[in-house]
Amino acid sequence: MFGLGSYRKIEKDFPGGLYLPLLGTLPAAEILYPLLPSRLLLPLVQPGMVCSDLSDTPPVGAQYQQDQLIVKQADGYRVYAPISGKTGKIVSVDIHGHNNLPALEYFPDTDKTRHDSEELKAADFSDKDTVFNTIEIMNLFHTRSGQRLAHWLLEQAAESVGTVVANAASLEPEQSLPSALLKNHAPQIFTGLSILKRWLNADKAIMAYPYYFSIDTSPAEQWQVCCAPVTDKYPQGRDSSIIQTLKKQHYIRNHRKQKLDVAVFDLQTLFHVERAFFSQSPGSWRLITICGDAANRPAHYFVPIGTPLSYLLALSEVDNQTEVIVAGSSMTGNRVNREETVIGVVDEAFIALKNKGNFKRHTCIRCGRCIDACPARIDPAALYRLIKEKRFDRATDRRLFDCIECGQCSYVCPSNLPILYKILQAKNRIRSR
């Protein structure tokens, strides 16, 4: 598939990084559509949001149809009925490690199933107001990728975006949802990327994907998207890393006459952008990966927001005695309560880990492994010492805020020092001044 020259090009990527071992079994490439649980818990707010007024919440027993708007919050966050059903009372749930957030009970009709329209509806991709309103309705501005999209729209001139990138590199080996999306929904992904390219008036669109994955290039040719094979070295799935890689491989060139800014999006965002325009479907469902060495049947699920995490863990045969469930990345994610957590608009993966016990910490031996692994090319050990000494101004001078929070420094440290935790603490303390 690739000649020697192609492999040499692929190996040119961001500095530092490492190849992580696979935790457990790799999920199958299929996306599963499980039966709905008897009760959903629809979050009324998202982590970091403040919601003091719940007076508009519907009464118990109110009937809603699929995709009907239930509640719209002051900041624009919307709660939709993922399927026809009735509302219940307000309860407290956990979302992505944040506790005691209000949620609305919702009881799906047992005789109804999820239905997507087969009819493709025309959409004017060039009209920015139409695109903005559609994506806002989808709740995409509340996701990680959507927040960057809002930044480009509201704070940056559209003429400054030179390249849009779809990053199909997995954040970690077992989180293979990007490959599953490319296998099952390649036309939708490329269409979503083309919509954002046209909307942001970008010169070029790139699909960055793992080199060993066999990709269908026909949609790429249709939408004039450049396909760039890359390694799966961690953290290739992060924006800064993939941008450095594409620059080293000369897919992105820094010419004076070209627009330099690069906008990176994950595949789930592109999938939902396409659904917004062609299926006219709001963002009330999420693609969620359950994986890890404690998951006997790891899988990708397409489920409504508000699905209890415990329901998906049971489908993936995660033992009830498993104590460690992490939202997001095993390197940097938040440990969550399996019984209280529900799926939110920001969730993408949950990792079930066998309890390894506590590691004893030692003093720094100045081995330099954290420096070698750091893709930001900073000195994590020096930052750790400065933060312990509360010398925050000096830590800032040593490029504290250049840290991309990938967690490799803590991962490779033979003394088991909580370097990333200290860096996050310092950043939060400085920002709160």
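Which entries in the list Lys388/Lys427; Lys12/Lys204; Lys12/Lys247; Lys388/Lys422; Lys390/Lys422; Lys360/Lys427 go over 19 Å, if you measure between the two C-alpha atoms of each? Listed pairs above 19 Å: Lys12/Lys204; Lys360/Lys427.
So how do Tyr251, Tyr209, Tyr33 line up by other beta-carbon neighbours within 10 Å, fewest first?
Numbers: Tyr251 19, Tyr209 23, Tyr33 12.
Lowest count first: Tyr33, Tyr251, Tyr209.
Subtracting the Cα-Cα distance of Asp402 and Phe213 from 0.36 nm times their residue separation leaves 64.9 nm of extension gain. Per residue, the Cα convex hull of segment 254-409 amounts to 188 Å³. Here the residues Ser55, Ser194, ranked from fewest to most Cβ neighbours within 10 Å of their Cβ, fall in the order Ser55, Ser194. Electrostatic tally near Pro414: other residues with Cβ closer than 15 Å to its Cβ, Lys and Arg +1, Asp and Glu -1, net +3.
Separation of segment 329-345 from segment 74-96 is 18 Å, based on Cα centroids. Measuring spread by the Cα atoms of segment 193-302 yields a radius of gyration and Dmax of 16.1, 53 Å. The string of couplings for segment 12-19 from the Karplus curve (6.51, -1.76, 1.60, θ = phi - 60°) is 7, 9, 5, x, x, x, 7, 9 Hz, one whole number per residue in order, with x for Gly and Pro. Ordered by the number of other Cβ atoms lying within 10 Å of each residue's own Cβ, fewest first, Arg398, Arg429 fall into the sequence Arg429, Arg398. With +1 assigned to the C-beta of every Lys and Arg and -1 to the C-beta of every Asp and Glu, and no other charges, what is the dipole magnitude of segment 305-411 about the Cα centre in debye, to the nearest 20? With only Lys, Arg, Asp and Glu charged at Cβ, the dipole is about 840 debye.
Readers should treat all values here as calculations from the given coordinates under stated rules, not as data from a laboratory. All figures in this text were calculated on a predicted structure; none of them were measured in a lab. Cβ coordinates were reconstructed from backbone atoms using ideal geometry, including for glycine residues, and neighbour counts include every protein chain displayed.
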